[in-house]
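First up is the structure itself, then whatever we jot down about it.
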Amino acid sequence: MALIPYRDVPETEQLKLDPPFQVNGQLAEEFYCGDHACDCATGHLRIGGVVMSVDLGTMRVDFLDNQGGAAREALRKSVRSFLGNGAIEQMRKHYADVREFGKNLHFRYYDWSGVKPGEMVLWQHVFRAEGIPLFTMTSDEKPSEDGTTQEAKPAPQVTIGLQDAYCIEPKCDCKRVVWTVVVPGAGNTVQKIGVVNYSLPKKEPAVLEASTGVDPNSLFVLVANLLASQPQLVTMYENRYRFMREQVSPLLAGQRQLRSQAKAGGPVASVGRNDACPCGSGKKYKKCHGTN
């Protein structure tokens, strides 16, 4: 989960941001989960440095650090009263607005620093609202033994999905995509049939793993036929690889640097609140990693 400040959502002709909340005369900053794959229905408020979660269904208010005290209980009571007087409806709308914004930009708020060198990152992890693309191939009609075309019959079809993953290691430029190959299963599920590595420069697939009962050669032919029948797919995955290198890799590099500096107890403190955040998000430090 990555929390996105409500104030980061851009205004449009259709969307006008509400003024900041004030609780007991104090500014209440709002943060919401922008992960479209999550449905936590939770908002977060930060008032006077105190962060609390708000259940947008039940209006339950909890302190994230689990600390108590008379002053905090008074603050909790004020927030509950504030929510009961109509603010909860605004927060529910803000939650929906942030989720819509997060469809395309959630990845900029995610902490990638835990990704290990060589670990592959799913495209779906970056764009959480997207599913695994499925592709259907139709085999060609074959002539009969006497050279005439057989009686028209529905051409056999096969549907496979390619769940693509990429290396985002800043110092690596392997120019490859790794596909987990799936086929439709029962209901809305998919079944894995293997893993294929694809070299973008060589335009060559190579089977890394075949599931039990799946012939590696058949898996290779299946993927090769798909790429031959839909050549635009290679361009799509080349563009996705380029996006991961240009957008996500710099985030990983910047976040690792922040972690390293924080452990050393040094240079992070020298970043001005109005300076660009070292993580590479393009946001001011005070509105990115400086919000903690």
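The values are calculated or read from the model by the stated rules, or taken from the named source; none is laboratory data. For clarity, every value in this text was computed on a predicted model and none was experimentally measured. Backbone-built Cβ (ideal geometry, glycine too); neighbour counts: all protein chains shown. Areas reflect the complete protein model, heavy atoms only, side chains present, ligands, DNA and RNA absent. Shrake-Rupley method; radii C 1.70, N 1.55, O 1.52, S 1.80 Å.
Label-to-label distance, residue 172 versus residue 111, with points set 7 angstrom from Cα along the beta-carbon direction: 2.2 nm.
The H on the amide N of residue 33, modeled in the peptide plane, is under 5 Å from the matching H of 4, 42, each at least 5 residues off or on a different chain. Multiplying the residue separation of residue 247 and residue 81 by 0.36 nm and removing their Cα-Cα distance gives an extension gain of 55.5 nm. Annotation note: trypsin sites (Lys or Arg not before Pro) in region 174-249 located in DSSP loop regions with a Cβ neighbour count of at most 14 within 10 Å are 202, 203. In whole angstrom, region 1-149 maps to an equivalent ellipsoid with semi-axes of 46, 18, 14, each derived as √(5λ) from the alpha carbon gyration tensor and ordered largest first.
Measuring with a 1.4 angstrom probe and ignoring ligands and nucleic acids, residue 212 comes out at about 150 Å² accessible. Rounded to the nearest 0.05, the FRET efficiency derived from the C-beta distance between residue 240 and residue 59 at R0 = 35 Å is 0.30.
Given 0.36 nm per residue, what is the gain on full extension from residue 217 to residue 138 after removing their alpha carbon distance, in nm?
26.5 nm
Annotation for region 46-121: GluC sites (Glu not before Pro) lying in DSSP loop with at most 13 further Cβ atoms inside 10 Å of their Cβ are 119. For region 163-270, the Cβ-based charge dipole about the Cα centre amounts to some 440 debye (Lys, Arg positive; Asp, Glu negative; other atoms uncharged). For a test of the definition: using alpha carbon positions, the gyration tensor, and the 1.5 limit on a/c, classify region 89-140 as rounded, prolate or oblate. Oblate.
Going down the table (103/202; 175/263; 171/192; 16/103), which pairs top 28 Å between alpha carbons? Violating the 28 Å Cα-Cα cut-off are 103/202; 175/263; 171/192. Of the trypsin sites (Lys or Arg not before Pro) in region 40-129, the ones in a loop by DSSP (not H, G, I, E or B) with at most 14 other beta carbons within 10 Å are 60.
What does the charge count near residue 130 come to, summing +1 for each Lys or Arg and -1 for each Asp or Glu among other residues with Cβ under 12 Å from its Cβ? Computed value for this residue: +2.
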